[in-house]
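Novice: Handing you a structure now.
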């Protein structure tokens, strides 16, 4: 669902700043009390008359989930060895100069099967001036 589809289902729609106002379909509304805004992949609806979002969506004959166009991505956690290394890097940053504290640190993960390629990559990054930490993952976690 997009904001145009929502507005087409409403009455008394008027532009209001960065969004719109309309008569709320969930209650007897004489003047616009439903605020409609769109941003960051979401359609935000707010009834100043006190209707819940579920009631407004039911009156519009849509699901609340249809107000969110971006699907949440499944976050795959970093391997334990990378999380531990990032904690160590945070501790080491306190010993760096102020300029170096602002620079990103690249973590290069090696699992033993790609050690030569990992060392070559790490050396290339170091030559380019990158701050890096090479981590050898022996247990695959």
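Novice: Counting DSSP beta bridges in the chain, what percent are antiparallel, to the nearest 5?
Specialist: Beta bridges within the chain, antiparallel portion: roughly 70 percent.
Novice: Next question, about the same structure. Could you work out how far apart the two model spin labels at residue 137 and residue 54 are, taking each label as a point 7 Å from the Cα in the direction of the beta carbon, and quote it in nm?
Specialist: 4.2 nm
Novice: Distance between Cα centroids, segment 27-47 to segment 106-126: provide it in whole Å.
Specialist: Computed from Cα coordinates, the inter-centre distance equals 52 Å.
Novice: At residue 7 and residue 80, where each label point lies 7 Å from the Cα along Cα→Cβ, what is the point-to-point distance in nanometres?
Specialist: Between residue 7 and residue 80, the simple spin-label model gives 5.4 nm.
Novice: While we're on this one: In deg cm²/dmol, rounded to 500, what helix-only [θ] at 222 nm does the chain give when every DSSP H run of at least 4 residues adds -39500 (n - 2.57) and the total is split over its residues?
Specialist: Per the formula, -9000 deg cm²/dmol.
Novice: Sort 38, 84, 28 by Cβ crowding within 10 Å, fewest neighbours at the top.
Specialist: The order, fewest Cβ neighbours first, is 28, 84, 38.
Taken together, the values in this text are just the output of simple stated rules run on the coordinates, not laboratory data. Note that the structure is predicted; figures quoted are calculated from it, not measured. When we count neighbours, we look across all protein chains shown, and the Cβ atoms used for this are built from the backbone with ideal geometry, even at glycine.
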